[in-house]
Amino acid sequence: MSRVLIWLFFATLSLTLLLQLRGLDGPLSAVTPGGIVAYELAFTAERAKAILDVWRSAGVTEQARVSLGVDVGFLLVYPWFFWWSVRVLRTPRFVLPGSTLHRMGGALGGAVLACIPLDAFENWCLWRMIEEGPSPSLAALAGMAASLKFLLVLCTALWCLIALSRRFANSSSSRTPT
């Protein structure tokens, strides 16, 4: 199977699960600015407790549980989408082999797979706080894991955009009439 077809599979599955998560997050976001992401990045037991209290009073705590459950499937897919994105874009058609951008892509492509255990650990912390109540250590650990995960995703997405923009910049300059 070609790289592009595998990438397309992970892109489609990631987008499907992302849209599902956005729908599940709707009721959470309606009562808490930032929804589940605010909970992921609460960092303190007080903030996590405040979010959970609002969700309980609004009757949407079960929605958070379902969202965390669906996120287990998502966390097994989106890192591979980014890994395959980098793999497709690290070809000579997009990035000059041996260049700094090429080496950065190799490092980020591997590093983005760390999102799998980071996201799983974050979800475990969030789930425990829903079930047992927030604690300073669980809130801080969830926040750190989420922050690292978001940083890896942001850096990898930025690398992909740079690789794509260079490809389009190079192709448009080579088509310029003389």
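What to note about this one:
- Condition broken by residue 43, with the remaining ones in (1) assigned to a helix (DSSP H, G or I); (2) at positive phi satisfied: (1)
- If you go through the range 15-40 and keep only what is surrounded by fewer than 15 Cβ atoms within 10 Å (Cβ to Cβ) and at positive phi, you end up with just 34.
- All conditions but one from (1) surrounded by 15 or more Cβ atoms within 10 Å (Cβ to Cβ); (2) not in a helix (DSSP H, G or I) apply to residue 92; the one that does not is (1).
- Candidates 147, 85, 99 - the one that is more than 24 Å from residue 22 (Cβ to Cβ) and polar (S, T, N, Q): 99
- Among the candidates 22, 47, the residue that is closer than 18 Å to residue 73 by Cβ and either touching a Lys or Arg at 6+ places or on another chain (Cβ under 8 Å) or basic (Lys, Arg) (or both) is uniquely 22.
- Set side by side, the residues 12, 44 differ, and just one is loosely packed, with under 14 Cβ neighbours inside 10 Å, in contact (Cβ under 8 Å) with a residue 40 or more places away in the chain and β-branched (Val, Ile, Thr), which is 44.
- For residue 70, the criteria (1) more than 19 Å from residue 7 (Cβ to Cβ); (2) at pLDDT below 95; (3) part of a helix (DSSP H, G or I) hold in every case but one, which is (2).
- Any hit, the range 71-90, residues being of a type in the set (Ser, Thr, Tyr) and free of Cβ contacts under 8 Å to residues at least 40 places away in the same chain: no
- If only residues of the range 151-168 that are surrounded by fewer than 16 Cβ atoms within 10 Å (Cβ to Cβ) and not hydroxyl-bearing (Ser, Thr, Tyr) are counted, the one that is modelled with the lowest pLDDT is 167.
- Every test in (1) buried (at least 18 other Cβ atoms within 10 Å of the Cβ); (2) assigned to a helix (DSSP H, G or I) is passed by residue 131 save one, and that test is (1).
- Residues that are of a type in the set (D, E, K, R) and touching a residue at least 60 places away in the same chain (Cβ under 8 Å), drawn from the range 118-170: 122, 166, 167
- Condition met for residue 128 (of a type in the set (Lys, Arg) and out of contact with any helix residue (DSSP H, G or I) (no Cβ under 7 Å at 6 or more places or on another chain)): no
The values are calculated or read from the model by the stated rules, or taken from the named source; none is laboratory data. Note that this is a predicted model, so its numbers are computed, not measured. Cβ sites come from the backbone with ideal geometry, for glycine too, and all protein chains shown count toward neighbours.
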